[in-house]
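The values are calculated or read from the model by the stated rules, or taken from the named source; none is laboratory data. Here the structure is a predicted model, which is why all the values come from computation and not from measurement. Using ideal geometry, Cβ is built from the backbone for each residue, glycine included, and neighbour counts are taken over all protein chains shown. The protein model used for the area step is the full one, side chains on, heavy atoms only, and it has no ligands, DNA or RNA in it. Shrake-Rupley method; radii C 1.70, N 1.55, O 1.52, S 1.80 Å.
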Amino acid sequence: MTDQKTIVIGVTGCIGAYKACELVRCLQKRGHRVKVVMTEHATKFVDPVTFRALTHEKVAIDLFDDPIDPIHHISLGQEADVFVVAPCTANMLAKMAHGMADDLLSTTALATTAPILVAPAMNVHMYENPITQDNIASLKARGVHFVEPGDGYLACGDVGKGRLADPEDIADAVEALLFAQRDMEGKKVLITAGPTVEPIDPVRYISNHSSGKMGYAIAEAAAKRGAEVTLVSGPVQVPAPAGVEVVNILTACDMLSAVDERFDTCDVAIFSAAVADKRPAAPADHKLKKGVDDAALDAIQLVTNPDILATMGAKKDGQLVIGFAAETNDVVANGHKKLVSKNADMIVANQVGGGKAFGTDDNEAWFLTAEGDAQLPAMPKTELADKIIDFVAEHL
Ligand code: C5P
């Protein structure tokens, strides 16, 4: 079968390792080729011979034990359509979260560009330890997928969360990744995100509360669906999504140049940045001091920043252009004005103020187009991002 998928399973050293044998069988029954990588500790729980017999493949354990393929960690990572770590110990989670690569499994995890799925298994207290939870959160933020452990009796006698998930559920999650939508393959997406920062002097600036979460979620959604994504971003605290090129800028003028350089070759441009409308006309080259520079401080002159969306809207030539409208009132009517004035193909309008939209994980939005409006229910920004990419995929 030419379209057979290869699943590389990393098995780490905990009692749940025996269930990886069943996972191998589940995936094979679904028609996939399975290869196994084990840590040294995992071999204390299950003999590599078992996996060798199940997979009919060499079981990889040591970084240096393959005389034919001295860079096994790279070839294994490249062969994988999905790289699964099941069971994954707290130790391996920590290593992966921090980019450590001191054995074949962790090195392969770092080297692979395939989607990574982790099924943790450990004692409930180890699992609930904030350090482990931080490691999980950090891996999730970097696009690693998880199958949560189950609740119940653990090998150590404790009761709680920590049992390796059911192998059939892990196999379902593997297939969800294998057959994920790739409808943005070959498309170039340019996204702006976050605030801009407009200097008054070397220490002070004008900016806003934009967290960048919306734009980063859109970048992640587009990249997951196969797009080549460039994110032109103001300073934010959210981590860069895996596989996305990030161009860091501070001012609106820098954002305009970065966007302008890339706009002609993109298929879609999505402007979710909160660009400052005005900037100090002549930022001082030294800190403006109280009592010394009061006249300059009291009379900071502002000039209007370029409108990046309107500038690109005016010069678009086949690109799909999407803007955002953050409004405190008359959301739909004001959004429609922007659709026209900025020559956008869609405006995603949302209500801001009163704790809504800025910095939150949820967003309630309207999709406004010349063909009509759609009001979407409140949903996480990650889900809204997927809906925006659904719109893009339908209209390209
Ligand atoms: O005009 P307003 O700032 O409300 O428009 C919001 C939309 O325009 C957003 O998509 C924002 O990213 C974009 N914008 C821009 N350049 C500006 C101001 C806003 O691209 N200078």
- Query: What list of ³J(HN,Hα) values in whole Hz, one per residue of the stretch 227-243 in order, does the Karplus curve 6.51 cos²θ - 1.76 cosθ + 1.60 (θ = phi - 60°) give from phi, with Gly and Pro shown as x?
  - Reply: 6, 8, 10, 10, 10, 9, 10, x, x, 9, 9, 7, x, 5, x, 4, x
- With the Cα gyration tensor of the stretch 1-62 giving a ≥ b ≥ c as the square roots of its eigenvalues, does the rule (a/c under 1.5 for rounded; else a/b larger than b/c for prolate; else oblate) give rounded, prolate or oblate? prolate
- Note on the structure: A chain fully extended from residue 142 to residue 57 at 0.36 nm per residue, minus the present Cα-Cα distance, gains in nm 27.6 nm
- Message: Amide H of residue 302 versus every other amide H placed in the peptide plane: which residues, excluding those fewer than 5 positions away on the same chain, fall under 5 Å?
- Response: 281
- Using a Förster distance of 41 angstrom, determine the FRET efficiency expected from the C-beta separation of residue 176 and residue 254, and round it to 0.05. 0.55
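Is the stretch 160-218 best put as rounded, prolate or oblate by its Cα gyration tensor, with a ≥ b ≥ c the root eigenvalues, rounded for a/c under 1.5, and otherwise prolate when a/b is larger than b/c, oblate when not?
oblate
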- Each residue of the stretch 167-181 in order: what ³J(HN,Hα) in whole Hz does its phi give by Karplus 6.51 cos²θ - 1.76 cosθ + 1.60, θ = phi - 60°, with x for Gly and Pro? x, 5, 5, 5, 5, 4, 5, 4, 5, 4, 6, 4, 9, 4, 4
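Find the all-direction average of the projected area of the Cα convex hull for the stretch 259-396, expressing the result in square nanometres with one decimal place.
Spelled out: convex hull of the Cα atoms, projected over all directions, averaged, 10.9 nm².
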- Rounded if a/c under 1.5, otherwise prolate or oblate - the chain, Cα gyration tensor axes: prolate
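Pull up the DSSP beta bridges for the stretch 204-326 and report the antiparallel fraction as a percent, rounded to 5.
The answer is about 25 percent antiparallel.
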- Query: Which length gain, in nm to one decimal place, applies between residue 30 and residue 361 when the Cα-Cα distance is subtracted from 0.36 nm times their residue separation?
  - Reply: 115.5 nm
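Tally up the carbon and sulfur contribution to the accessible surface of the stretch 1-97 as a whole percent, 1.4 Å probe, everything protein left in place.
Its accessible area is 55 percent carbon and sulfur atoms.
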- Note on the structure: Residues meeting the amide H criterion for residue 205 (H placed from the backbone, H to H distance under 5 Å, 5 or more places apart or on another chain) are 200
- With all protein chains present and a 1.4 Å probe, the order of 131, 7 from largest accessible area down is 131, 7
- From highest to lowest solvent-accessible area (probe 1.4 Å; ligands, DNA and RNA excluded), 45, 263, 179 read 179, 45, 263
- Item | In order through the stretch 327-341: 3J(HN,Hα) via Karplus (6.51 cos²θ - 1.76 cosθ + 1.60), integer Hz, x for Gly, Pro | 10, 8, 8, 6, 3, 5, 4, 5, x, 5, 4, 5, 3, 7, 5
- For the stretch 5-37 and the stretch 48-117, what is the separation of their Cα centres, given in Å? 12
- Accessible area in square angstrom per residue, the stretch 319-396, 1.4 angstrom probe: 47
- Task: Could you look at the stretch 328-396 and say what percent of its accessible area is carbon and sulfur, using a 1.4 Å probe and all protein chains?
- Result: 50
- Query: Measuring from label point to label point, each 7 Å out along Cα→Cβ, what is the residue 379 to residue 299 span in nm?
  - Reply: 5.3
- Using 1/(1 + (r/R0)^6) with R0 = 51 angstrom and r between the beta carbons of residue 369 and residue 169, what's the FRET efficiency to the nearest 0.05? 0.85
- Item | Heavy-atom surface of the stretch 251-304, accessible at 1.4 Å and reported per residue (Å²) | 58
- Task: Quick one: accessible surface of residue 204, probe radius 1.4 Å, all protein chains present, in square angstrom to the nearest 10.
- Result: 80
- Message: With a 1.4 Å probe and all protein chains left in place, how much of the accessible area of the stretch 236-300 comes from carbon and sulfur atoms, in whole percent?
- Response: 49
- Note on the structure: The FRET efficiency for residue 22 and residue 396, from their Cβ-Cβ distance with R0 = 45 Å and rounded to 0.05, is 0.60
- With the contact rule set at Cα under 8 Å and sequence spacing of 6 or more, what percent relative contact order holds for the stretch 238-396? 17
- Only residues of the stretch 209-235 count here: report those whose backbone N is under 11 Å from the spot 7 Å along Cα→Cβ of residue 262, or say none. 219, 228-234
- Which value, in Å² and to the nearest 10, is the accessible area of residue 89 when all protein chains are kept and the probe is 1.4 Å? 20
- Query: Want the number for residue 286 to residue 75: 0.36 nm per residue separation, take away the alpha-carbon distance, what's left?
  - Reply: 70.5 nm
- residue 315-residue 44 pseudo-label distance in nm [points 7 Å out on the Cα-to-Cβ vector]: 6.3
- Message: Can you tell me which of 336, 145, 286 moves the most in a GNM of the chain? Springs connect C-alpha atoms under 10 Å apart.
- Response: 286
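Count the DSSP beta bridges whose two residues both fall in the chain, then state the antiparallel fraction as a percent rounded to the nearest 5.
Roughly 30 percent of the beta bridges in the chain run antiparallel, per DSSP.
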- Accessible area per residue, Å², the stretch 120-231 with all protein chains present, probe 1.4 Å: 45
- Message: Just to confirm my numbers, what's the Cα centroid distance between the stretch 285-333 and the stretch 212-248 in Å?
- Response: 22
- Message: Could you check the spin-label model distance between residue 183 and residue 110? Points 7 Å from the Cα along Cα→Cβ, value in nm.
- Response: 3.8
